[in-house]
Amino acid sequence: MNKQMAAEILSDLRSGDLSEYVVIKEEFFVFREVLVKQEDKKSFRGFIVPGGGGNVKYLYQPGWTA
């Protein structure tokens, strides 16, 4: 994954084209670097995938946090 791909995934989550996306452990730091620069970063929720070896599932849920 590169930064452009991460930005596209975040955009697809935001628009509803994707309902969720699983970031594999090896891609996490690139994805996170792009995520934390987003104005609406608090609207993204990340969950550790049980038994997923460190993979994280992300959803877009505006308003879930203050």
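The values are calculated or read from the model by the stated rules, or taken from the named source; none is laboratory data. Predicted, not measured: the structure shown is a model, and the values here were computed from it. In this analysis, Cβ positions are derived from the backbone assuming ideal geometry, glycine residues included, and neighbour counts consider all displayed protein chains. Heads up: the accessible areas ignore ligands, DNA and RNA and are worked out on the full protein's heavy atoms, side chains in. Shrake-Rupley method; radii C 1.70, N 1.55, O 1.52, S 1.80 Å.
Details
- ³J(HN,Hα) computed for each position of the range 26-36 - Karplus, 6.51 cos²θ - 1.76 cosθ + 1.60, integer Hz, glycine/proline x: 5, 9, 4, 5, 5, 4, 5, 4, 6, 4, 5
- Here the chain exposes an accessible surface that is 52 percent carbon and sulfur, computed with a 1.4 Å probe and the other protein chains kept in place.
- Computed with a 1.4 Å probe on the full set of protein chains, the accessible area for K37 sits at about 150 Å².
- Solvent accessible area, Å² - E20, 1.4 Å probe, full protein context: 90
- Qualifying lysines (Cα of each under 17 Å from Cα of K3; at least 8 residues distant if same chain): K25, K37, K41
- One quarter of the surface of the convex hull around the alpha-carbon atoms of the chain equals 4.3 nm², the direction-averaged projected area.
- Amide hydrogen neighbours beyond the local backbone of F44, cut-off 5 Å, H modeled: Q61
- Using the 1.4 Å probe convention, the accessible area of the chain works out to 67 Å² per residue with neighbouring protein chains retained.
- Placing unit charges on the Cβ atoms only, positive for Lys and Arg and negative for Asp and Glu, gives the chain a dipole magnitude near 240 debye about its Cα centre.
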